[in-house]
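Worksheet: one structure, shown below.
The values are calculated or read from the model by the stated rules, or taken from the named source; none is laboratory data. No experiment lies behind these values; they were computed from the predicted model shown. In this analysis, Cβ positions are derived from the backbone assuming ideal geometry, glycine residues included, and neighbour counts consider all displayed protein chains. These accessible areas exclude ligands, DNA and RNA; they are computed on the full protein's heavy atoms, side chains included. Shrake-Rupley method; radii C 1.70, N 1.55, O 1.52, S 1.80 Å.
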Amino acid sequence: MNIARHVAKSAFRFRTYATTAYVPPASLATLQRARVPPPKPKPESPTFYTGRATYYDQLLALESAAKHTRSALQELELLPLPRFAQENLPPLYGVWKNKLDLGELMSAKLTTSRYRRFIAQLNQLNEYRRLAEVAGHVELAERIQRVLGMFERDNKDAILARGKRKPVKFDEYGRSYTIGRRKESTARCWVIAAQPAEGESASSATPSEATEEVTTEVTASQTPDVPESSSPPAIAASIEGFESPAPSVKVSTTNILINNIPLSEYFPHVSDRERVVRPFRIAGLLGAYNVFAIVRGGGSTGQSGAVTLAIAKALAAHAPDVEPLLRKAKLLKRDPRMVERKKTGRAKARKAYTWVKR
Amino acid sequence: MAFPQGDSKALKAYGLPTNVLVDYLLLSRPCSVVREVTVQALDQLDKAAGSSSAQTRAVFTGKPGCGKSYVLLQAVQYAIQKDWVTLYIPRGIALVNSSTPYVYDPRTQTYGQPAFAQQLLKRFVDVNERLIKDLKVQGSYPLKETAINSSSPLLDMINIGIESQESAPTVLSALLTELSKQTKFPVLLAIDDFQALYSLSTYRDPYFKMVKAYHLTLPRTLLEFASGKQSFARGAVLGALSSQNTTFRPPLELTEALGLLPDVPSNPYVRREPELIEYAKGLRNFPVPEQLTVDEAASIFDIWHSVKALHVARGDEVFLTKYTEAGGNAREFVRKSLLQTVAM
């Protein structure tokens with residue numbers, strides 16, 4: 001029957017040759033017909049026949065997503081972007097899976113050209129995402145990110161954070177903890193905002209207030225007696241030569257302790273002290289913060305340099321506005337100079353032995 | 001602010017501690033900052049004017065460079081102005097560093113320092129002549145040439161000591177005894193480098209052992225006043241420790257009596273000299289604050305600028321920088337922070 005149908009069909013189609021084998025009519029009755037094969041299901045996607053279905057599926061999905069995003073952005077008048085806007089966009093970082101991982105995802109080994117094509121699509125979509133983000137269309141950006149997220153590396157954040165400094169943390173008292181290094185020394189530094197100096201405003205005539213200092217000639221025979229009331233303003237008021245004492249100034253001061261020793265005691269050399277105080281000077285924050293540092297290793301120059309770096313980092317954390325100033329002054333840079341090693345054939349690192357002509 | 005004019009006779013007469021002298025040589029006019037601690041010290045002196053010196057025996061202590069010698073100097077100046085009889089020894093180390101000759105006196109069994117005593121008597125007269133010219137001797141003292149008896153003028157006795165060096169130590173001891181008896185004027189005994197009185201001197205005895213300071217006549221007398229064994233009827237004894245000379249450091253007995261932390265960790269088994277413990281009994285610690293306040297430092301900054309001694313700008317930022325670098329310490333502020341800006 002089937003064969004007959006076939007023949008009929010073929011006849012209907014005007015074929016002049018036979019497409020099936022000839023069976024004599026006498027044997028038609030005893031003909032064994034083949035079992036009807038079960039109907040094959042249609043492949044879900046036309047990419048089934050490509051042999052790398054998942055890959056092409058993903059690729060086509062990306063392309064369609066890019067198409068839709070492009071039209072959405074054009075509607076939002078974000079594309080095409082003028083040149084100045086394009087130049088001022090934040091930098092784009094794409095951290096995609098590598099060829100092997102992507103191949104695992106696609107359950108098929110990827111060749112380089114296929115991988116590159118895929119990455120190109122991802123980058124294009126990433127650019128649209130950046131555009132949407134910068135323009136403030138958060139939902140659109142999030143939707144694109146959901147698509148792209150599947151193809152990003154797991155340690156993407158770690159890779160992007162490489163080379164960036166960890167933000168300085170503050171504890172519950174508002175202290176920052178920073179580390180500075182120079183030569184062989186390491187300094188650990190805690191910086192806390194100084195309490196504003198307490199005291200009344202600068203009306204200096206009241207006797208019982210906080211100290212207000214006056215200078216007196218030491219051996220003046222005409223200097224009258226110091227009165228019973230025990231405060232310098234009262235003295236000043238009674239001494240002949242003084243018309244009006246200088247107004248009292250209430251200023252908070254920076255106290256620096258290094259290994260629990262005051263700065264002036266720990267560093268006898270003035271150059272070391274000036275180096276330590278320099279970040280405060282440049283930032284203009286003298287008197288604003290108190291410092292406690294523990295420093296180990298090296299000598300006085302190394303230790304003072306290490307404390308300087310730690311203080312500079314701490315000030316940049318407490319007052320982010322001064323960071324450009326400190327950066328310009330090269331105080332936030334760890335001085336990479338270290339002691340150069342001695343070489344063979346030389347007395348020291350560079351010093352050579354006396355040259356002998358013969 | 002105008003500085004009152006006056007001559008510095010007492011200053012020139014007694015001399016100055018070395019560290020103070022250096023500052024005064026650089027400044028055109030000697031001056032010092034009046035601090036809270038100065039006011040407290042002067043208050044103490046006022047209160048002590050009526051009572052025995054045994055009740056007011058104070059020692060200025062504090063970190064190196066905090067201003068102990070300056071406060072003592074200010075107290076001496078104040079006492080002079082207030083008509084106290086003042087005996088000021090600006091460099092106590094000169095007593096014990098064998099810089100002047102010494103002679104054994106068998107009567108007192110101590111070593112006298114005739115040259116030093118004579119010079120001290122001269123200076124005493126220079127400063128206090130106006131006050132003591134009417135005082136009369138109340139006891140009688142055996143002296144080699146003439147015996148001094150009662151109701152002769154005190155100045156005569158002092159002049160004996162000034163004229164003949166060998167009797168100067170005896171005269172000085174007698175003078176101090178006389179001053180302790182009289183009640184007309186309060187007496188201030190002020191000693192800088194106070195710890196020198198409690199240390200070993202660099203003099204040698206015939207067995208080449210170092211002579212202890214309390215075996216020298218004048219330091220012994222000073223120690224007796226400092227410990228209250230002898231006392232002025234009216235007056236006070238003030239001392240100031242000094243850390244400048246490391247050969248003469250405050251001994252354990254003195255640091256314990258004053259309640260200070262010893263330089264070297266010690267324990268109950270370290271030997272303490274009973275004589276020194278006796279001489280250090282009852283001394284009161286008068287701590288001088290470690291840091292100058294901002295106002296005090298600003299005054300000093302102003303003075304040095306007005307003398308045109310500094311090569312830095314006169315401004316808040318420079319001042320605060322120098323103050324922070326010095327950590328508020330007075331000596332560091334003046335010597336290292338300010339004066340080192342001048343290229344020597």
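If I model a spin label at A:Met338 and A:Asn260 as a point 7 Å from the Cα along the Cα→Cβ vector, what separation in nanometres do I get?
Placing both labels 7 Å beyond Cα along the Cβ direction yields 3.1 nm.
Counting only the heavy atoms of the protein chains, how much of A:Lys156 is accessible to a 1.4 Å probe, in Å² to the nearest 10?
40 Å²
Which of B:Leu252, B:Leu25, B:Leu11 moves most in a GNM of chain B, Cα contacts under 10 Å?
In the Gaussian network model the winner is B:Leu25.
Non-local amide H neighbours of B:Asp105 (under 5 Å, H modeled in plane, Pro and chain starts lacking H): which ones?
B:Thr110, B:Tyr111, B:Gly112
At a Förster distance of 22 Å, what's the computed FRET efficiency of A:Ser271 paired with A:Glu184, Cβ-Cβ distance as r, to 0.05? Intermediate results must be reported in sequence, preceding the final value.
On the way: r = 19 Å, r/R0 = 0.85.
Once rounded, the FRET efficiency stands at 0.75.
Kindly list the residues of region A:71-89 that lie in the label zone of A:Val134, defined by a backbone N under 13 Å from the point 7 Å along the Cα-to-C-beta vector.
Counting only backbone N, you get A:78-89.
Summing both sides, how much accessible area is buried between A and B? Use a 1.4 Å probe and give Å² to the nearest 100.
Values: alone 25680 and 16690 Å², together 38240 Å².
Summed over both sides, the interface buries about 4100 Å².
Could you work out the mean count of beta carbons from other protein chains within 10 Å of each residue's beta carbon in B:30-37? Intermediate values should be presented prior to the final figure.
Values: counts 3, 6, 4, 5, 11, 4, 7, 1.
Average per residue, whole number: 5.
Count the DSSP beta bridges whose two residues both fall in chain B, then state the antiparallel fraction as a percent rounded to the nearest 5. Before the final figure, lay out the partial values.
Numbers: 7 of 27 bridges.
Antiparallel: roughly 25 percent of the beta bridges in chain B.
By DSSP, what percent of the beta bridges with both residues in the protein assembly as shown are antiparallel, rounded to the nearest 5? Each step should come with its number before you reach the end.
Values: 30 of 53 bridges.
Rounded to the nearest five, the antiparallel share is 55 percent.
Excluding residues fewer than 8 places away in the same chain, name every one of the aspartates and glutamates whose C-alpha is closer than 18 Å to that of B:Lys322.
List returned: A:Glu265, A:Asp272, A:Glu274, B:Asp23, B:Glu290, B:Asp295, B:Glu296, B:Asp302, B:Glu332.
Roughly how crowded by other chains is peptide B:292-303, in terms of the mean Cβ count from those chains within 10 Å of each of its Cβ atoms? Intermediate results must be reported in sequence, preceding the final value.
Working: counts 1, 10, 10, 14, 6, 2, 5, 6, 2, 0, 2, 1.
Mean partner shielding for this stretch: 5.
Per residue of B:315-327, how many C-beta atoms from partner chains lie within 10 Å of its own C-beta, taken as a mean?
6
Straight-line reach only, C-alpha to C-alpha below 20 angstrom: list the aspartates and glutamates that B:Lys133 could link to, leaving out same-chain residues fewer than 8 apart.
Correct list for B:Lys133: B:Asp83, B:Asp156, B:Glu163, B:Glu178.
Using θ = phi - 60° and the Karplus curve 6.51 cos²θ - 1.76 cosθ + 1.60, what whole-Hz ³J(HN,Hα) does each residue of region A:44-57 get, with Gly and Pro shown as x?
So the J values, rounded to whole Hz, are 4, 10, x, 6, 3, 7, 7, x, 10, 4, 4, 4, 5, 4.
Can you work out the PRE-style zone for A:Ala85? Point 7 Å along Cα to Cβ, and I want the residues of region A:118-147 with backbone N under 13 Å.
Answer for region A:118-147: A:131-137.
In square angstrom, rounded to the nearest 10, how much accessible surface does B:Glu278 have for a 1.4 Å probe?
Near enough 80 Å² of accessible area.
Calculate one ³J(HN,Hα) per residue across region A:316-324 by plugging θ = phi - 60° into the Karplus curve 6.51 cos²θ - 1.76 cosθ + 1.60, and present them in order as whole Hz with x for glycine and proline.
For region A:316-324, the Karplus curve yields 5, 7, 5, 10, x, 5, 8, 4, x Hz.
Hey, rough spin-label estimate for B:Lys229 and A:Asp154, points 7 angstrom out along Cα→Cβ, what's it come to in nanometres?
Going by the 7 Å Cα→Cβ label model, 8.7 nm.
Ranked from the most accessible area to the least, with a 1.4 Å probe and all protein chains present, what is the order of A:Val191, A:Val134?
From most accessible down to least: A:Val134, A:Val191.
Quick one: Cα centre-to-centre distance for region A:291-358 and region A:57-80, in angstrom?
53 Å
Could you sort out which of A:Lys183/A:Lys328; B:Lys122/B:Lys181; B:Lys47/B:Lys336; A:Lys330/B:Lys336 sit more than 30 Å apart by Cα distance in this structure?
On the way: A:Lys183/A:Lys328 22 Å; B:Lys122/B:Lys181 21 Å; B:Lys47/B:Lys336 37 Å; A:Lys330/B:Lys336 26 Å.
Pairs exceeding 30 Å: B:Lys47/B:Lys336.
Quick one: 3J(HN,Hα) in Hz for region A:167-175, Karplus 6.51/-1.76/1.60 with θ = phi - 60°, rounded, Gly and Pro as x.
x, 6, 9, 10, 8, 5, 9, x, 8
Quick one: net charge of A:Ile179's neighbours, Cβ under 9 Å, K/R +1, D/E -1?
Details: positive: A:Arg181, A:Arg188, A:Lys313; negative: none.
Net of charged neighbours comes to +3.
I want the local charge near A:Leu309. Using Cβ-Cβ distances under 9 Å, sum +1 for each Lys or Arg and -1 for each Asp or Glu among the other residues.
Numbers: positive: A:Arg181, A:Arg182, A:Lys313, A:Lys333, A:Arg334; negative: A:Asp335.
After counting each charged neighbour, the total is +4.
What is the gain in length, in nm to one decimal, between A:Ala347 and A:Phe292 on full extension, counting 0.36 nm per residue of separation less the C-alpha to C-alpha distance? It would help to have the intermediate numbers written out before the result.
Details: separation 55, 0.36 × 55 = 19.80 nm, distance 4.11 nm.
Stretched fully, the A:Ala347-A:Phe292 segment lengthens by 15.7 nm.
Ordered by packing density, taken as the mean number of other Cβ atoms within 10 Å over each peptide's residues, highest first, how do B:316-329, B:100-113 rank? Each step should come with its number before you reach the end.
On the way: B:316-329: 22.4, B:100-113: 16.2.
For the peptides B:316-329, B:100-113, the packing ranking is B:316-329, B:100-113.
Per DSSP H run of at least 4 residues, take -39500 (n - 2.57); add these up for the protein assembly as shown, divide by its residues and hand me the 222 nm value, nearest 500 deg cm²/dmol. Don't skip to the answer; put the middle values down first.
Working: 25 runs with 275 residues, N = 702.
Roughly -12000 deg cm²/dmol at 222 nm, from the helical runs in the protein assembly as shown.
Pop a pseudo-label 7 angstrom from the Cα along the beta-carbon direction at both A:Leu28 and A:Leu60 and give the gap in nm to one decimal.
Here the modelled spin labels are 4.5 nm apart.
What are the membrane-span-like helices in chain B by this rule: whole DSSP H runs, Cα extent along the axis at least 24 Å, mean Kyte-Doolittle hydropathy at least -0.5? Intermediate results must be reported in sequence, preceding the final value.
Numbers: long enough: B:114-132 (25 Å, 0.08).
Membrane-span-like by this criterion, though nothing is claimed about a membrane: B:114-132.
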